[in-house]
Amino acid sequence: MEKTEFIKKAKELGFSDEMINRIIQRHDKAAKDGITLPYESELIELPIND
């Protein structure tokens, strides 16, 4: 899954821009360290706020 596809899907699932940016930063840092993390592993359905 590419970054743009991840962003689109994350927004559909209700992730905030801040949450998305933190995930992307974590993935970018891991990539610099030679670790490839799949973006789809971060996509979970968030609980509903009452």
Worksheet item: Residue by residue through region 18-25, which ³J(HN,Hα) values in whole Hz follow from phi under the Karplus form 6.51 cos²θ - 1.76 cosθ + 1.60 (θ = phi - 60°), with glycine and proline marked x?
Response: 4, 4, 4, 5, 5, 5, 4, 4
Fill in: Relative contact order of the chain, pairs being alpha-carbon contacts under 8 Å that are 6 or more residues apart, as %
48
Worksheet item: Any idea what angle helix 3-12 forms with the longest principal axis of the chain, computed on alpha-carbon atoms, 0 to 90 degrees, nearest 10?
Response: 20
Worksheet item: Per the helix-only calculation at 222 nm, which mean residue ellipticity applies to the chain, given -39500 (n - 2.57) for every DSSP H run of n ≥ 4 and division by its residues, nearest 500 deg cm²/dmol?
Response: -16500 deg cm²/dmol
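We did not get these values from a lab; they are worked out from the coordinates using the rules stated. Because the structure is a prediction, the values reported are computed rather than measured.
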